[in-house]
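Contents: one structure, followed by commentary.
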Amino acid sequence: MTPSETNRDGTPASGPEQGHAASPAWELLLPAASAPARTRGRSLQAALREAVRSGRLAPGTRLPSSRDLAADLGVSRGLITEAYEQLTAEGYLRSGRGAGTWVGGAVRAAPARARDLAPHSPGTQADFVPGTPDLSLFPRTAWAAAHRAVLADLPHRDLGYPDPRGLPQLRTALAELLARRRGVVADPERIVVVSGVAQATTLLGFALHARGLRTVGVEDPGSPQHNALYASAGVTTVPLPLDEDGLVVGPLRESGVRAVVTTPSHQFPTGIAYSARRRTELLDWARSVDGFVLEDDYDGDFRYDRAPVGALQGLDPEHVAYTGSVSKSLAPGLRLGWLLVPETLAGEVVERKRTMDLGHPTLDQALFARFVERGDYDRQLRRCQRAYRERRDALVAALDEHFPGSQVAGIAAGLHVIAALPARYGPQERFLARVAAAGVAVRPLTDYTHARGGHERSEGVLLVLGYAHQSPARIRAGVRLMAEATAA
């Protein structure tokens, strides 16, 4: 029997709380007691704190006296006394003169685990869900070199709270890049660095709300994320139809909205590019209602059959807010994007950005600015464009081989296609059930249809197939697996 299992007079400790208290405490604290002398006190406190927090020492448990526990652990009594006093002050323990030390009741045990809520497609043999680039193309070597250079050169003052719009160095680099590659009117004073298009969307929602707008039009079909993002700013989305030229202006006028979200360079998910006539009509509408076109330059850099068409913002920067990011060209995990905002919305957007997060991380901004200035970002775009064009070609060829008569809609651009399979492969609900059972992750076009909720029955099969994150070999294998799963 150890000293902590006896009373002062040498008789065995009695009572359910005293009889088991010392043993677990003695065992749990042994590793901490072996820590180096200079850190032993903190280690003992941390170990005892965690034992209480995890529930291994339950509320109401009486702890050994400081003298007994010090003897058990082979440490000075002062270390144990200090640990007891510190944890009593924090609320983990309670004590009374002559009554000993007990585990307090304020702590509630919680499981020490961290869940991963990132989107995944577990257990799939093939994954054609759109929206993900090939993360293996991330330029680790060039990025690491830029990181080292920035750490060496970054002035100390730039590690303070930044301009909420972003570092001047990055806004200047972005203005040059976007004017050159996307044809925008890019004043560095009107660029706001954001954590992706999602934050840009939310900021615009707040700015529209501040101007009294309570509704915003969205493309139908279109990104399902817009509903929640605008709702967080108190703005309701209104689905508006598309045709082969883009957003149909008649229903837009009839809707009464004064702001509309568009993806004119490569519409998501239909894959069309807005015609020149429709672009003009859209801008005429915005001017007539003193409204705004909110341009998401989705996939704007990735056109495979010709040079990319310039951004809509370049035609009327006072009525078009332009957003983009590195999520498809580098990695979505970087959470880095930009927003070019009309002058009338700039004040509200910048103030919202300030109160939302006090500005984007300065080190990330300086790193990306250097990446752009040295030409590394242009090289990365060219690398991605070559890879994604090859994968699109592989997907189209595989569909021709395994689903004869299928048609791919939209322009040769971006990271996804719309595939219309012949009616003999339908109905769509049966097709989706069969490929899911075979371990193939796909999304039908109806998943992106706002007005009808994406649940109507269909005899045909319309799929939105993402391909950028897979090698050509895996693309071919995945399409073959789909064909085998749906063979009559």
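Observations, loosely collected:
- Acute angle (nearest 10 degrees) that the helix 276-288 long axis makes with the longest principal axis of the chain, alpha-carbon atoms: 70
- Glu27 contributes an accessible area of around 110 Å² to the protein surface, as traced by a 1.4 Å probe with all chains present.
- The chain, relative contact order in percent, only Cα pairs under 8 angstrom and at least six apart counted: 17
- When Thr280, Thr61 are compared by accessible area of protein heavy atoms, the largest-first order is Thr280, Thr61, using a 1.4 Å probe.
- Built amide H within the under 5 Å cut-off of Leu57, gap 5+: Val52
- Considered as an equivalent ellipsoid built on the Cα gyration tensor, the chain has semi-axes of 57, 30, 23 Å, the largest given first.
- Between 0 and 90 degrees, the angle of helix 472-486 with respect to the longest Cα principal axis of the chain falls at about 80 degrees.
- Exposure of Thr172 as accessible area (Å², to 10), given a probe of 1.4 Å and all protein chains: 80
- Anisotropy class assigned to the range 74-163 is oblate, per the alpha carbon gyration tensor with a/c at or over the 1.5 cut-off and a/b no larger than b/c.
- Kirkwood Rh, angstrom, the range 118-273 [1 / mean 1/r, Cα pairs]: 19.0
- Adding -39500 (n - 2.57) for every DSSP H run of four residues or longer, then dividing by how many residues the chain holds, sets the calculated 222 nm ellipticity at -13500 deg cm²/dmol.
- Gyration tensor (Cα) of the range 273-432, equivalent ellipsoid semi-axes in angstrom: 34, 23, 16
- Using alpha carbons only: equivalent-ellipsoid semi-axes of the range 182-260, gyration tensor based, whole Å: 22, 17, 13
- The range 202-248-the range 146-162 distance, computed between alpha-carbon centres (Å): 37
- All-pairs Cα distance distribution in the range 116-175, expressed in whole percent, bin size 5 Å: 3, 11, 13, 16, 14, 14, 13, 9, 7, 2, 0
- Angle in degrees between helix 376-402 and the longest Cα principal axis of the chain, rounded to the nearest 10: 70
- Each other residue within a Cβ distance under 14 Å of Glu484 adds +1 if Lys or Arg and -1 if Asp or Glu, for a net charge of +2.
- Contact order, relative form, for the range 361-475: 29 percent (alpha carbon pairs under 8 Å, 6 or more residues apart, mean separation divided by residue count).
The values are calculated or read from the model by the stated rules, or taken from the named source; none is laboratory data. These numbers come from a predicted model, not from an experiment. No Cβ is skipped: glycine too gets one built from the backbone with ideal geometry, and neighbour counts run over all protein chains shown. Side chains included, ligands, DNA and RNA excluded: accessible areas come from the protein's heavy atoms. Shrake-Rupley method; radii C 1.70, N 1.55, O 1.52, S 1.80 Å.
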